[in-house]
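Q: Okay, handing you the structure first.
The values are calculated or read from the model by the stated rules, or taken from the named source; none is laboratory data. Because the structure is a prediction, the values reported are computed rather than measured. Glycine also receives a Cβ, built like all others from the backbone with ideal geometry; neighbour counts cover every protein chain displayed.
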Amino acid sequence: MQDNYNTNSKKGLFISFEGGEGVGKSTQIDLLKLYFFKKKVKVISTREPGGTEEGEFIRKFLVSGDKHSWDPYSELLLFNALRREHINKIINPSLKNGDIVLCDRFIDSTIIYQGVAGSVNEELLLNLHRTFCYDLFPDITFFLSLNPKLGLARTKFRNNNNENRFEKMGLLYHQKIQDGYKALSKKYNNRFIEINAELTVEQISEEINKHVNSIIQSND
Ligand code: TYD
């Protein structure tokens, strides 16, 4: 597999946000983006599934419709396809430019949703990531941790209600997701930062800013 980009030469900072349904990732991404904007730091925000025009197109098929519509392996290949486009067209060019990239979900979502909850072998999943997605991992991952009962209750108030294929999976599935993230956060404790998503929006945002500041200062 020919690499379009040598990820080792990146200069920017790649920050992902992870967690189960309804944990408030997008609100925190908007707040952090604003924080960087005010500091005149170059920042972009993006998301998966999605991120590029092609990825947003694939997203529609993945997040809506019947919960059993995809075979787990077909689903995994679609996530890899949109991630490769995303890295080639958005993430790596921005990092090479020295920007901060805020990404709503990335490879850890695949490890948890397709791997832990979907029972795809983790080695296979990481092999695909190495082969097609340059083995790119975020520098920092904020895991917004929340009891799935609370998270699912929060999603009821959203207006994009046809994007609910994963939300339809039931509480047992979502408990697996939360437990999976907890374990992953311990395994990758060099880059994972767990945040209690039961705190207020302001408290979470302050905590995230504090971590980001200390990381940026130590990188300077
Ligand atoms: P998202 O829009 O972030 O949903 P939410 O706001 O409810 O967290 O993501 C849509 C769904 O896609 C989410 O339920 C998790 C799933 N997903 C995977 O299963 N694997 C992946 O690799 C990614 C990126 C997302």
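Rundown of residues vs (1) more than 20 Å from residue 130 (Cα to Cα); (2) surrounded by fewer than 16 Cβ atoms within 10 Å (Cβ to Cβ); (3) away from the ligand (no atom under 11 Å from the Cβ), yes/no style:
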position	(1), (2), (3)
24	yes, no, no
74	no, yes, yes
97	yes, yes, yes
107	no, no, no
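Q: Can I ask one more? From the set of residues in segment 142-170 that are of a type in the set (Lys, Arg) and in a loop (DSSP other than H, G, I, E, B), which is modelled with the lowest pLDDT?
A: 158
Q: Then there's this: Suppose we filter segment 37-92 for residues that are under 20 Å from residue 115 (Cβ atoms) and β-branched (Val, Ile, Thr); how many remain?
A: Residues that pass the stated criteria total 3.
Q: Kindly indicate the residue of segment 181-208 that is crowded, with 16+ Cβ neighbours inside 10 Å and either touching a residue at least 60 places away in the same chain (Cβ under 8 Å) or touching a His at 6+ places or on another chain (Cβ under 8 Å) (or both) and also nearest to residue 138 (Cα to Cα) among those meeting that condition.
A: 193
Q: Taking the condition at pLDDT below 95, closer than 25 Å to residue 158 by Cβ and in a helix (DSSP H, G or I), does residue 60 pass?
A: yes
Q: Looking only at segment 26-57, filter to residues that are within 9 Å of the ligand (Cβ to nearest atom) and part of a loop (DSSP other than H, G, I, E, B); which one of those is nearest to residue 196 (Cα to Cα)?
A: The selected residue is 48.
Q: Which residue, of 66, 108, is among the charged types (D, E, K, R) and part of a helix (DSSP H, G or I)?
A: After applying the criteria, what remains is 108.
Q: Let me ask something additional. So which pairs qualify, if the first residue must be in segment 56-77 and within 20 Å of residue 125 (Cα to Cα) and in contact (Cβ under 8 Å) with a residue 12 or more places away in the chain, the second must be in a helix (DSSP H, G or I) and small (Gly, Ala, Ser), the Cβ gap must be under 9 Å, and the two must be at least 6 apart or on different chains?
A: Here the result reads 58/81; 76/115, each pair linking segment 56-77 to a residue that is in a helix (DSSP H, G or I) and small (Gly, Ala, Ser).
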